[in-house]
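Student: Below you will find the structure I want to go over with you.
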Amino acid sequence: MRSIRTLLLGGGSLLALWIGWGAYVSHTTERVPSETLARFDGVEVRRYPRAVLAETTAPDDGTAFRRLFRYISGANARGEDVAMTAPVTTRGESISMTAPVRTGSESEDVRMAFYLPSTYTPDTAPTPTDSDVRLVVEPPRTTAVRRFSWYATDERVDRERSQLLEQLSQRGIETRGEPTLLQYDDPWTPPFMRTNEVEVALEEVPARVRRATP
C-alpha cells in the first residue's frame, strides 16, 4: 500500500512539474505582436506588423533548425544570443519544433525561419556568420486564424484548415496562398495546454466583417 501511495505522490509531483513547465514557457516566450481586427464563428482576423526573420533552406528540417539555432545561440557577427519568439509557423508537412520557426517546402528542400524579437530591425539584427543563413523582412500582413488545442496531428490540422477556408468563403473573404500551421509551445508542453492555430493570408477585410466583431 505504501509503495502505491509513493507512486501516486511521485506521479502527481511529475504532473505538477510538467504543467508548471508549460505555464512558464507560455508566459515567458515573446509572441509576434498583432492587432485583432475582427472575430466571428471561432475565426480571428489579425494584422501583423513588419517582422525580421533569420531564414535558411536545407535538405531537411533537422539541418535547417540546427543552423538557425546556432545563429540565435551566437553564430553571428556580434556573438550575440538572440531570444526565441512564438509561434512556430509551418508551411507544408507538420514538424515538431520549438518556437519560433516558420517552415515551408521548396521542391525537395525545407525553408525554415525564426522570427526575431520585435526589438530588432533589419539594421540592428546581428548578421549571420553562416552563409546558408540569411536575414529577411516580412512585410505587414493581414491573416485569418482558427485556434485549436492538443497535438497538431495531420488529421486535426486538415480539419481545422477546411473549416477556416469554408467560414471565410461563406463570408466572401478572399484568401491569398495556402493555409499555414502556427504552434506556440515547445515539445515538452502538456498536450492539454498547447495552443495551435491554422492561418491564411487575406487580400482584404470587408467593412461588414469588421462590424461583425462582438
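The rows are residues; the columns are (1) among the hydrophobic types (A, V, I, L, M, F, W, C); (2) buried (at least 21 other Cβ atoms within 10 Å of the Cβ); (3) touching a strand residue (DSSP E or B) at 6+ places or on another chain (Cβ under 6 Å); (4) touching a residue at least 60 places away in the same chain (Cβ under 8 Å).
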| site | (1), (2), (3), (4) |
| --- | --- |
| Leu37 | yes, no, yes, yes |
| Asp41 | no, no, no, yes |
| Val45 | yes, yes, yes, yes |
| Ala58 | yes, no, yes, yes |
| Thr63 | no, no, no, no |
| Ala77 | yes, no, no, no |
| Ala83 | yes, no, no, no |
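Student: Follow-up. Among the residues of the stretch 182-205, count how many are under 16 Å from Arg31 (Cβ atoms), open to solvent by less than 20 Å² (accessible area, probe 1.4 Å) and among the aliphatic types (A, V, I, L, M).
Tutor: Count: 1.
Student: Run Leu68 past the list (1) touching a helix residue (DSSP H, G or I) at 6+ places or on another chain (Cβ under 9 Å); (2) open to solvent by less than 10 Å² (accessible area, probe 1.4 Å) and report the number of the one that doesn't hold.
Tutor: Every listed condition holds for Leu68 apart from (1).
Student: Scan (1) within 17 Å of the chain's Cα centre (by Cα); (2) more than 11 Å from Pro128 (Cα to Cα); (3) surrounded by 13 or more Cβ atoms within 10 Å (Cβ to Cβ) for the single condition Arg50 breaks and write down its number.
Tutor: Looking at each condition in turn, Arg50 falls short on (3).
Student: Turning to a different aspect of this structure: Working only within the stretch 107-126, note down all residues that are outside any strand (DSSP E or B) and touching a strand residue (DSSP E or B) at 6+ places or on another chain (Cβ under 8 Å). Please lay out each step first, then the result.
Tutor: Quick first cut of the stretch 107-126, residues outside any strand (DSSP E or B) only: 107-108, 116-126.
Within the stretch 107-126, Leu116, Pro117, Ser118, Tyr120, Thr121, Pro122, Ala125, Pro126 meet the criteria.
Student: State the number of residues belonging to the stretch 104-136 that are open to solvent by less than 70 Å² (accessible area, probe 1.4 Å) and farther than 17 Å from Gly62 by Cα.
Tutor: 12
Student: Just to be sure I understand the filter: pairs with C-beta atoms under 9 Å, separated by 6 or more residues or on different chains, first member in the stretch 154-180 and within 13 Å of Glu199 (Cβ to Cβ) and open to solvent by 50 Å² or more (accessible area, probe 1.4 Å), second member polar (S, T, N, Q) and in a helix (DSSP H, G or I). Which pairs pass?
Tutor: Thr175/Ser169
Rundown of residues vs (1) outside any strand (DSSP E or B); (2) on the phi < 0 side of the Ramachandran plot; (3) modelled with pLDDT of 80 or more; (4) charged (D, E, K, R), yes/no style:
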site: Phe69; (1), (2), (3), (4): yes, yes, yes, no
site: Arg78; (1), (2), (3), (4): yes, yes, yes, yes
site: Thr89; (1), (2), (3), (4): no, yes, no, no
site: Pro100; (1), (2), (3), (4): yes, yes, no, no
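The values are calculated or read from the model by the stated rules, or taken from the named source; none is laboratory data. The model shown is predicted, which means the values in this text are computed figures rather than measured ones. Every residue, glycine among them, receives a Cβ derived from its backbone with ideal geometry; neighbour counts consider all protein chains shown. Surface areas here come from the heavy atoms of the whole protein model, side chains and all, with no ligands, DNA or RNA. Shrake-Rupley method; radii C 1.70, N 1.55, O 1.52, S 1.80 Å.
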